[in-house]
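Everything below concerns the one structure shown next.
The values are calculated or read from the model by the stated rules, or taken from the named source; none is laboratory data. A quick note: this is a predicted structure, and the numbers were derived from the prediction, not measured. Methodologically, a virtual Cβ is constructed for each residue, glycine included, from the backbone with ideal geometry; neighbour enumeration extends over all protein chains shown.
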Amino acid sequence: MISKTYAPGDIEDKWYEYWIKNRYFASKPNPEKEPYTIVIPPPNVTGVLHMGHMLNNTIQDILVRKARMEGKEACWVPGTDHASIATEAKVVAMLKEKGIKKSDLTRDQFLEYCWEWTHKYGGIILQQLRKLGASCDWDRTRFTMEPDLYDSVIEVFIDLYEKGDIYRGHRMVNWDPQARTTVSDEEVITKEVTQKLVYLRYAPANEEAGEGVVIATTRPETIMADVAICVNPHDERYQHLIGQKVLVPLINREIPVIADEYVDKDFGTGCLKVTPAHDTNDYELGKRHGLPIIDLLNEDGTLNEKAQILVGEDRFVARKKIIKLLEESGALVKTDVYQSNVGHSERTDAVIEPRLSEQWFLKMERLSQPALENVMNDTIRLIPPKFKNTYKHWMENVRDWNISRQLWWGHRIPAYYLQDGTVIVAKSKREALRKAQHELQLFALTEEDLTQDPDVLDTWFSSWLWPISVFDGFKDPENPDINYYYPTNDLVTAPEILFFWVARMIIAGYEYKGQYPFRNVYLTGIVRDKQGRKMSKSLGNSPDPIDLIQQYGADSVRTGMLFSSPAGNDLPYDEKMVEQGRNFCNKIWNAFRLVKGWSVSDRPGDNQLAIDWFEARFNQATAEILDHFEKFRISDALKSVYSLIWDDFCAQYLEMVKPAFEQPIDAQSYQATLDFFDRLMRLAHPFMPFITEELWQNVADRAENASVSISAYPAAQPFDTGILNDFEILFEVVSSLRNLRNAKGISPKVELPLFVKTDKAELYTRLGSIIRKLANTGEITCSESNLEGVSFLIKSDEFFVDLAGEVDAEEERTNLLKDLEYTRGFLNAVMKKLGNERFVQNANPEVVEKERQKQADAESKIQTIEEALARLDGNAG
């Protein structure tokens, strides 16, 4: 017998080890089976499990477990991403604690520390996923920096370079001064910040410049890099200044006043300082007017010697000091408080600097066309489809991808430079030398004459190949795995990496395999706290998922997360949902203990009607659940499972079939109940793998190595709608009788005489024994005429309960009058809606019909109440 209370800690490790030992999650190509494949969105090797991972991986596990039970060759590939910026930051911090600077080390020495850190901490999150119950094929675990995947990235770079899609150019990029690397546009998070808007005067350099100009800027620390002042050519205020010169405050360098329609006359003072090295728009303006470029910032955001003043100061320290210097010099006119949007690095949260830099880029226009077309025509489905418009906008305005990063940890760019700057792209220095000797006829060249590019590739440049590279599709393009498992079926990920990763994987799929990498993209919501904030460690608003699992159990956390998590909508996390998940587990556990505690006899039973009803209800619910799965309504599928088990099985079916106190149940009913439990556990298993395995194993004697995880998932079978309709009436009768007891304060032990005015005597005769059992009534007496007693109406049948001696007549009259007033008000509201022509003409016909049914029910109820009042008055007379 199982334990009295559900203790998840006693079963979770046991069953996970059992699954692993029996290799239920291992997969290999099987031509006899349909493949079902998911590749995990590889978490950062630096990471630990957070609430977003919990939601994402729970959904993946549900899909994979269901597919496995449906007889498909289910393969869920796990792995991790090397996370260049994040890992370097971790290693640099670790070295700092040891008193070591990155600059003290050679590149190879630093990489040794990176590998040491990765081997020590890199597998933590994958171990944590086991606690969640993730049924990954762990033998297939991949890492973006392992040799084969590393080589794949290099091969793709070389291929795209030789196609002319990769180039090196001097461009304005996003610079992260803390990580000292470029970041892509998608890695820049815009935040609204409060800044000082500084108004300062540029003095005239000649008499024609009059009093000079006043400009407004939030970045006074960059004025030393100004190369012009720009005004709108149609701004009458500044016509006299165009072509004149003014002096940059503090350093008194002359700069021209130019005109360009880019300047907004109504913003600030209508004058713009032009700093091409430190503003993207200024850079474009400078190119149009042939202006020089002065870059006054170092890689770490400190001022360099070109600033002339405050050299070596951090940019934000310099900003404060410059304002003070401007005030002392008399150039400061005023300062205002100003709200503006400022870009921050997603990885370090440092304020991004626009910076001119020589970088490697991937042309995106040609490559992105198939990825755009095949999402818009639903060859690849985004779920929910509301994200198609966002995807379309981004893909139609796609910019070349800056793929180089100024880091050491990552895939080093396979480009080698000769002393004259000639670039040779090759897999290795030896291969580059061979190319130089044979293609450039430089036979005297040696490897010492070649210098490899120091940069590494953007982390996403490896993960965009993930669905192909994890199956060695680049190393061995026709191997059995890639031919069987690719394209994969479903991708589950977060909307915020739709362009970082999803779009780019689609691009790579069409470029290198000629087809999509996955059929469906399920976009989860973001897990937020009660205040609507995204959960994060920095805010301290995120619980530790492992702590939650230890406290509540993995099944409780999984179901709790999913109860209110429709695709694409943010999840407002509340621990009460996890408590609800635990309550659900306890309900199932206690129901099983109840059934297993029954003694069994060979006497015939009278529960066939209840068994037939639950059989129909089970198949009806299964059809609903499968439909939800088909439409990727995973949360709705869970709710249907929950309702079937809690409401239909526990609250209704078990009450109908359970034997009287200390009495046995008949063998047929007992076996039918166990069979239902078996099927319910299979239906619930993808959502709640641990408790369902424990109970399924205890339902019956199982074969060695049997598991619910590889048993057949229930299929939708035809069901009898007639019995469902009949039992809908039965449950309404029982509910009405229970409500009547509560309202009148009548003990459940008091047997109630029950009469019904109906032309369906056969129905109530058939349902009578169950009604008597659930509601404690006497034999149901059917009649076609009015009867005495308190009455209620169900589906045009009027029920009467003789409460003589149990109810005060005046109290009953008062209650009936209240009910009559409420029902008339309800009918009035329905009639107003039906009297609205716009509603009747425009609403869905089913909605209109439902309102008309409400009208008929209300009118019938009013008639019944009025008749009951008349009977009370007659009895009183």
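Flag: residue 453 matches the condition of being surrounded by 15 or more Cβ atoms within 10 Å (Cβ to Cβ) and of a type in the set (Asp, Glu).
Tell me whether segment 672-684 contains one or more residues that are more than 25 Å from residue 19 (Cα to Cα), at pLDDT 95 or above and assigned to a helix (DSSP H, G or I). Yes, that holds for at least one residue. Residue 152 passes every criterion in (1) among the hydroxyl-bearing types (Ser, Thr, Tyr); (2) at pLDDT 95 or above; (3) exposed (fewer than 15 other Cβ atoms within 10 Å of the Cβ) apart from (3). Close Cβ contacts (under 7 Å, 6 or more residues apart or on different chains) running from residues in segment 96-124 that are farther than 14 Å from residue 45 by Cβ to residues that are among the basic types (Lys, Arg) and assigned to a helix (DSSP H, G or I) comprise 110/102. Filter segment 165-201 down to the residues that are among the hydrophobic types (A, V, I, L, M, F, W, C) and closer than 25 Å to residue 89 by Cβ and list them by number. Residues satisfying the conditions are 172, 173, 175, 179, 183, 188, 189, 193. The set of residues from segment 699-744 being aliphatic (A, V, I, L, M), within 30 Å of residue 763 (Cα to Cα), in a helix (DSSP H, G or I) and within 38 Å of the chain's Cα centre (by Cα) comprises just one member, 724. Counted as qualifying within segment 541-630 are the helices (runs of 4 or more DSSP H) with 2 or more residues that are touching a Cys at 6+ places or on another chain (Cβ under 7 Å), namely 554-562, 575-596. The strands (runs of 3 or more DSSP E) falling completely within segment 150-234 that include 3 or more residues that are farther than 22 Å from residue 310 by Cα map to 166-176, 181-183, 188-202, 228-231. Here the strands (runs of 3 or more DSSP E) wholly within segment 384-496 that include at least 1 residues being within 29 Å of residue 139 (Cβ to Cβ) and under 22 Å from the mean Cα position of the chain (by Cα) are 488-493. Each residue in segment 20-52 was checked for being crowded, with 20+ Cβ neighbours inside 10 Å and either under 17 Å from residue 555 (Cβ atoms) or small (Gly, Ala, Ser) (or both), and 4 of them qualify.
The residue of segment 299-321 that is nearest to the chain's Cα centre (by Cα), among those that are of a type outside the set (D, E, K, R), more than 12 Å from residue 223 (Cβ to Cβ) and crowded, with 18+ Cβ neighbours inside 10 Å, is 301. For the structure I just gave you, tell me whether residue 707 is outside the structural domain of residue 20 (by TED's automatic domain parsing) and closer than 30 Å to residue 818 by Cβ. Considered against the rule, which asks whether it is outside the structural domain of residue 20 (by TED's automatic domain parsing) and closer than 30 Å to residue 818 by Cβ, residue 707 comes out as no. What do you reckon, is residue 746 surrounded by 16 or more Cβ atoms within 10 Å (Cβ to Cβ) and in the same structural domain as residue 552 (by TED's automatic domain parsing)? No: the conditions fail for residue 746.
Taking residue 171 as the residue in question, decide whether it is surrounded by fewer than 20 Cβ atoms within 10 Å (Cβ to Cβ), under 30 Å from residue 57 (Cα atoms), in contact (Cβ under 8 Å) with a residue 40 or more places away in the chain and not β-branched (Val, Ile, Thr).
no
For segment 573-606, the candidate set comprises residues that are touching a strand residue (DSSP E or B) at 6+ places or on another chain (Cβ under 7 Å) and over 27 Å from residue 545 (Cβ atoms); within that set, the residue that is surrounded by the most Cβ atoms within 10 Å (Cβ to Cβ) is 605.
The residues in segment 425-445 that are surrounded by 14 or more Cβ atoms within 10 Å (Cβ to Cβ) and within 14 Å of residue 154 (Cβ to Cβ) can be counted, and the count is 5. Only residues that are modelled with pLDDT under 95 and hydroxyl-bearing (Ser, Thr, Tyr) were counted across segment 114-149, and they come to 2.
Entry remark, segment 62-101: residues being assigned to a helix (DSSP H, G or I), over 23 Å from residue 31 (Cα atoms) and of a type outside the set (A, V, I, L, M, F, W, C) number 6 in total. Across segment 258-273, the number of residues qualifying as touching a residue at least 12 places away in the same chain (Cβ under 8 Å), under 18 Å from residue 339 (Cβ atoms) and surrounded by fewer than 16 Cβ atoms within 10 Å (Cβ to Cβ) comes to 1. Among the residues making up segment 813-846, those that are of a type in the set (Asp, Glu) and either touching a residue at least 24 places away in the same chain (Cβ under 8 Å) or closer than 14 Å to residue 863 by Cα (or both) are 819, 821. The single condition among (1) at pLDDT below 85; (2) surrounded by 14 or more Cβ atoms within 10 Å (Cβ to Cβ); (3) of a type in the set (A, V, I, L, M) that residue 820 does not satisfy is (1).
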